[in-house]
Structures are given as structure tokens and as C-alpha cells.
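**Student:** Input: one structure, supplied below.
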Amino acid sequence: MSLFQGLRGTHIATGYPVDIPLNGKQLQLAMDKGPHMNDLWDMMCDSIVANGYIDPRGNVDIDFIVLKGNDLHVFH
């Protein structure tokens with residue numbers, strides 16, 4: 001299954017690739033660069049955990065934010 005929009009990275013403990021799909025609101029929170037970006041990032045992480053996905057904070061080395069199926073936005 002390919003990822004249309006979300007986070008793509010590597011699970012820190014195992015080295016396995018990780019894709020976390022994001023809905024539109026989660027993607028908006030992840031892309032925010034304003035003065036509250038850290039709070040919004042935490043809100044996004046809490047939301048994806050509530051949806052049953054791994055918490056990327058401290059667990060995933062994020063390489064890309066995926067947009068429209070392409071690794072367009074380099075995360076680091």
C-alpha cells in the first residue's frame with residue numbers, strides 16, 4: 001500500500017520503515033511553521049495515536065512529510 005499523505009521514516013528501535021497516514025487536518029498541523037508549531041505537532045501526534053498509529057515522538061526518525069504520494073517535503 002502506498003502512502004498518499006503522511007509521515008515516512010524509520011522506527012528507531014528496529015530500523016524498520018514506518019509510514020503513518022495523515023488526514024487533512026493532521027497534515028495541516030504537521031506542516032505549520034508558526035509560533036505554536038511545537039504545540040500543534042504534539043496535537044497532531046496525539047491525534048494519530050488516538051487513531052491507533054505509533055507515536056512518532058521518540059519512536060520514529062522522520063525523513064519526509066509525504067504529499068500526494070511523493071516524498072516532497074524533507075522533514076530534517
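The values are calculated or read from the model by the stated rules, or taken from the named source; none is laboratory data. Computed from a prediction, not measured in an experiment: that's the story for all the values here. Note: ideal-geometry Cβ built from the backbone for every residue, glycine included; neighbour counts use all protein chains shown.
**Student:** Which ranges mark the strands (runs of 3 or more DSSP E) fully within the chain that have 1 or more residues being in contact (Cβ under 8 Å) with a residue 60 or more places away in the chain and among the charged types (D, E, K, R)? Before the answer, list the steps.
**Tutor:** Details: elements: 6-11, 17-21, 60-67, 70-74.
Counting at least 1 such residues, we get 6-11, 70-74.
**Student:** Would you be able to say whether some residue in segment 50-59 is among the aliphatic types (A, V, I, L, M) and surrounded by fewer than 16 Cβ atoms within 10 Å (Cβ to Cβ)? Reasoning before the result, please.
**Tutor:** Our first condition is that a residue be among the aliphatic types (A, V, I, L, M); within segment 50-59, this holds for 50, 54.
Checking which are surrounded by fewer than 16 Cβ atoms within 10 Å (Cβ to Cβ) leaves us with 50, 54.
Yes, there is a match, as at least one residue in segment 50-59 is among the aliphatic types (A, V, I, L, M) and surrounded by fewer than 16 Cβ atoms within 10 Å (Cβ to Cβ).
**Student:** While we're on this one: How about segment 13-46: which of its residues are of a type in the set (V, I, T) and exposed (fewer than 13 other Cβ atoms within 10 Å of the Cβ)? Walk me through it before giving the result.
**Tutor:** Taking segment 13-46 as the starting set, the residues that turn out to be of a type in the set (V, I, T) are 14, 18, 20.
T14, the sole residue that qualifies.
**Student:** Can I ask one more? Of the residues M31, M43, which is modelled with pLDDT of 95 or more and not small (G, A, S)? Write out each step before concluding.
**Tutor:** Numbers: M31 fails: modelled with pLDDT of 95 or more.
After applying the criteria, what remains is M43.
**Student:** Quickly run through segment 26-36 and pick out the residues that are within 23 Å of N70 (Cα to Cα) and more than 12 Å from the chain's Cα centre (by Cα).
**Tutor:** D32, K33
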